[in-house]
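Below: the structure, in structure tokens.
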Amino acid sequence: ITPGEFEYSHNGEIGYWLNKAYWGQGIITLAIELICNEAFASSHLNRIFGAVFAGNTGSMKALTKSGFEQEAVLKQAIYKNGVFYNNHIF
């Protein structure tokens, strides 16, 4: 979890990556729950959010299963390899 700065210092952004061979096994869902519980218990964070590329339904599902709610979609906010993607904020 990367903490924010200044006015956003009580916010943190969760990020993760998992080898494709392990997708669909609930590993990330469990990891999200554990790390968020630890972060809330041992830091001053009040809010944790996740940002997900459009089309990454597995990550969206893992965040939702872990109690996150989609709050926004930032249209064409991500530019990678010559392509614009929407950014889903949970």
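Pull up the stretch 1-20, narrow it to residues that are polar (S, T, N, Q) and in a loop (DSSP other than H, G, I, E, B), then point me to the one that is surrounded by the fewest Cβ atoms within 10 Å (Cβ to Cβ). Don't jump to the end; show me each part of the working.
From the stretch 1-20, those polar (S, T, N, Q) are 2, 9, 11, 19; that's our starting set.
Applying the additional criterion that residues be in a loop (DSSP other than H, G, I, E, B) yields 9, 19.
Details: Ser9: 12, Asn19: 7.
Selected residue: Asn19.
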*Please state which of the following conditions Ile1 fails to meet, knowing it meets all the rest: (1) in contact with an Asp or Glu (Cβ under 8 Å, 6 or more places away or on another chain); (2) without any contact (Cβ under 8 Å) to a residue 12 or more places away in the chain.*
(2)
_Cβ-Cβ distance below 9 Å, separation of 6 or more or different chains: which pairs start in the stretch 21-46 with a residue that is in contact (Cβ under 8 Å) with a residue 12 or more places away in the chain and end on one that is among the basic types (Lys, Arg) and part of a helix (DSSP H, G or I)?_
Thr29/Lys61; Thr29/Lys65; Ile32/Lys65; Glu33/Lys65
*Name, by its number, the condition in (1) outside any strand (DSSP E or B); (2) surrounded by 11 or more Cβ atoms within 10 Å (Cβ to Cβ) that does not hold for Glu69.*
(2)
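All of the numbers you see were taken from the coordinates with simple rules; none came from a lab. Since this is a predicted model, take the numbers as computed values, not measurements. Neighbour counts run over all protein chains shown; Cβ positions are idealised from the backbone, glycine included.
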